[in-house]
Amino acid sequence: MKKLVLLGGGYGNMRVLRELLPNHLPDDWTVTLIDKNPYHSLKTEYYALAAGTVSDQDVRVAFPNEPKLNVQYREVSGIDLDNKLVHLAESDSVSYDQLIIGLGCEDKYHNIPGADTFTHSIQSIEKARDTYQTLNNLSTNSVVSIVGGGLSGIELASELRESRPDLTIKLFDRGKTVLSSFPERISLYVQNWFSTNGIEVINEANITKVEEGTLYNHDQAFSTDVVVWTAGIQPNKIIRDMDIEKDRQGRAILTPHHNLPEHEDVYVVGDCASLPHAPSAQLAEGQAEQIVEVLKKRWNGQPLPEEMPSIKLKGTLGSLGKKKGFGLMADRPITGRIARILKSGVLWMYKFHKG
Ligand SMILES: Cc1cc2nc3c(=O)[nH]c(=O)nc-3n(C[C@H](O)[C@H](O)[C@H](O)COP(=O)(O)OP(=O)(O)OC[C@H]3O[C@@H](n4cnc5c(N)ncnc54)[C@H](O)[C@@H]3O)c2cc1C
């Protein structure tokens with residue numbers, strides 16, 4: 001039997017499994033999925049887990065239970081491309097015939113002193129749980145500083161506002177307005193929601209240092225009880241440590257067929273891959289569908305097109321607490337309750353395999 005090994009059961013590799021199982025895997029192939037956790041974690045909801053508005057169970061989905069799928073709950077510690085081996089933290093290893101690396105991303109701290117030590121994170125389920133505990137154990141009037149006014153910082157700030165109206169929440173953002181890469185109508189809508197709901201936005205921020213209880217913006221000290229970091233991501237350390245070609249963000253550069261240039265049997269999916277769009281769950285899933293197409297053609301000895309079609313993204317949706325939202329669908333800005341209902345609908349469809 002030949003072995004397709006998937007590293008990480010995130011959005012990318014879950015889509016691979018959904019496309020391949022139960023009927024599209026050749027008879028002489030099996031799939032091994034390796035993830036450190038015994039469930040697929042819904043990373044797009046970590047802001048709500050950290051704010052305390054959804055339970056831990058709400059952000060977990062069971063891995064498929066199929067005879068041709070072997071799931072191992074192990075931590076990957078390295079990849080030996082020459083010998084086709086995946087090293088595991090307990091010092092044994094797993095061999096592969098074909099490999100898909102989908103280990104997601106981690107926080108990037110831009111070498112800001114103290115940021116890795118004195119801030120909380122929502123980039124992994126373990127860290128989001130830890131952030132939940134810290135945020136929800138705070139006494140009334142405590143100050144929470146969120147660094148980074150992108151999608152995850154905004155969703156966390158607004159969800160926390162609804163969960164803990166007694167806290168002082170500050171959002172430090174680099175741009176002139178939050179979501180500065182979105183159309184003005186959206187960034188103004190979000191900025192307005194924040195001022196109506198008592199979240200202080202500090203625009204054109206430049207965090208220069210973090211210490212226990214103090215955040216430095218342009219070297220000016222601000223007292224704070226907790227800092228949550230949502231100001232940058234980088235691919236998983238396993239990819240960062242590999243001796244392969246990478247882009248400026250440290251993500252693996254791939255051929256048009258999503259494999260490493262020197263290793264036709266090694267594919268990289270999702271946040272670890274260098275792709276023409278910003279990393280997202282939607283992108284990871286679109287790329288995964290193409291990887292499955294490539295795998296099927298290679299298994300059947302069929303020729304591959306020189307280029308794969310560009311991955312079509314449907315848009316972006318963000319929440320402002322449980323009642324309001326914003327987004328861009330087919331390049332059209334939407335705001336308010338309808339955007340929030342759409343976002344909940346997308347999550348429901350995903351969780352119950354309708355998407
Ligand atoms: C708060 C927040 C909100 C977001 N909202 C959206 C959104 O609305 N829409 C959208 O499209 N995207 C959103 N994203 C981005 C999206 O979550 C990621 O782009 C997506 O999860 C990437 O999928 P992936 O398959 O690359 O990795 P992930 O889904 O991150 O999965 C990686 C998997 O690898 C496992 N893993 C990691 N390291 C190891 C190891 N060493 N050994 C074993 N297993 C390991 C993890 O347990 C995890 O299961 C959001 C992100 C955040 C943080």
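Any idea which of (1) of a type in the set (G, A, S); (2) more than 18 Å from the chain's Cα centre (by Cα); (3) near the ligand (Cβ under 9 Å from one of its atoms) is the one S95 doesn't satisfy? Going through the list (1) of a type in the set (G, A, S); (2) more than 18 Å from the chain's Cα centre (by Cα); (3) near the ligand (Cβ under 9 Å from one of its atoms), S95 breaks only (3). Which members of segment 2-24 meet the condition of being at pLDDT 95 or above, of a type in the set (A, V, I, L, M) and more than 12 Å from the ligand (Cβ to nearest atom)? Within segment 2-24, L4, L20 qualify. Of everything listed in (1) within 23 Å of L21 (Cα to Cα); (2) under 18 Å from the mean Cα position of the chain (by Cα), the single unmet condition for M349 is (2).
For segment 298-355, a residue qualifies if it is at pLDDT below 95, surrounded by 13 or more Cβ atoms within 10 Å (Cβ to Cβ) and of a type in the set (F, W, Y), and exactly one does: Y350.
Hey, could you check segment 226-241 for residues that are part of a strand (DSSP E or B) and hydrophobic (A, V, I, L, M, F, W, C) and say which is surrounded by the fewest Cβ atoms within 10 Å (Cβ to Cβ)? Give the derivation first.
Keep residues of segment 226-241 that are part of a strand (DSSP E or B), which gives 226-229, 233-235.
Those left that are additionally hydrophobic (A, V, I, L, M, F, W, C): 226-229, 233.
Working: V226: 20, V227: 25, V228: 28, W229: 26, I233: 18.
Among those residues, the one meeting the criterion is I233.
Once segment 274-287 is narrowed to residues that are hydrophobic (A, V, I, L, M, F, W, C) and near the ligand (Cβ under 8 Å from one of its atoms), the residue that is surrounded by the fewest Cβ atoms within 10 Å (Cβ to Cβ) is A281. Take the conditions (1) without any contact (Cβ under 8 Å) to a residue 24 or more places away in the chain; (2) more than 23 Å from the chain's Cα centre (by Cα); (3) surrounded by 17 or more Cβ atoms within 10 Å (Cβ to Cβ); Q220 misses just one of them, which is (3).
Select, from F172, F182, the only residue that is in contact (Cβ under 8 Å) with a residue 40 or more places away in the chain, within 16 Å of the ligand (Cβ to nearest atom) and closer than 30 Å to L328 by Cα. Full working, then the answer.
On the way: F172 fails: within 16 Å of the ligand (Cβ to nearest atom).
It is F182.
Has segment 75-85 got any residue that is buried (at least 19 other Cβ atoms within 10 Å of the Cβ), within 10 Å of the ligand (Cβ to nearest atom), under 24 Å from P235 (Cα atoms) and among the hydroxyl-bearing types (S, T, Y)? Taking every residue of segment 75-85 in turn, none turns out to be buried (at least 19 other Cβ atoms within 10 Å of the Cβ), within 10 Å of the ligand (Cβ to nearest atom), under 24 Å from P235 (Cα atoms) and among the hydroxyl-bearing types (S, T, Y).
So that you can scan it fast, the table gives a plain yes or no per residue for (1) touching a helix residue (DSSP H, G or I) at 6+ places or on another chain (Cβ under 8 Å); (2) closer than 21 Å to I79 by Cα; (3) within 16 Å of the ligand (Cβ to nearest atom):
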position	(1), (2), (3)
T208	no, no, no
Q220	no, no, no
K237	no, yes, yes
D243	no, yes, no
R251	yes, yes, yes
T255	no, yes, no
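Within segment 37-74, the residues that satisfy the criterion of being hydroxyl-bearing (S, T, Y) and either within 13 Å of the ligand (Cβ to nearest atom) or not in a loop (DSSP other than H, G, I, E, B) (or both) are Y39, S41, T44, Y46, Y47, T53, Y73.
Residues that are among the β-branched types (V, I, T) and within 25 Å of L42 (Cβ to Cβ): which strands (runs of 3 or more DSSP E) entirely in segment 251-355 hold 2 or more of them?
Details: elements: 263-268, 315-320, 324-329, 332-336.
Per the criteria, 332-336.
Identify, please: which residue in segment 150-169 is under 21 Å from V210 (Cα atoms) and in contact (Cβ under 8 Å) with a residue 60 or more places away in the chain and is, among those, nearest to the chain's Cα centre (by Cα)? Walk me through how you get there before you give the answer.
Quick first cut of segment 150-169, residues under 21 Å from V210 (Cα atoms) only: 150, 152-154, 156-157, 167-169.
Add one more test, that the residue is in contact (Cβ under 8 Å) with a residue 60 or more places away in the chain, and what stays is 150, 152-154, 156.
Working: G150: 13, S152: 10, G153: 13, I154: 15, L156: 14 Å.
Only one residue fits best here, namely S152.
Taking the listed residues I154, I146, the one that is under 14 Å from A51 (Cα atoms), surrounded by 24 or more Cβ atoms within 10 Å (Cβ to Cβ) and either touching a Ser or Thr at 6+ places or on another chain (Cβ under 7 Å) or at pLDDT below 95 (or both) is I146, with no other qualifying. State whether the residues of segment 19-32 include one that is touching a helix residue (DSSP H, G or I) at 6+ places or on another chain (Cβ under 9 Å) and either assigned to a strand (DSSP E or B) or among the small types (G, A, S) (or both). Yes, segment 19-32 contains at least one residue that is touching a helix residue (DSSP H, G or I) at 6+ places or on another chain (Cβ under 9 Å) and either assigned to a strand (DSSP E or B) or among the small types (G, A, S) (or both).
The values are calculated or read from the model by the stated rules, or taken from the named source; none is laboratory data. Quick caveat, the model's predicted, so the values are computed rather than measured. Heads up, the Cβs are rebuilt from the backbone with ideal geometry, glycines too, and the neighbour counts pull from every protein chain shown.
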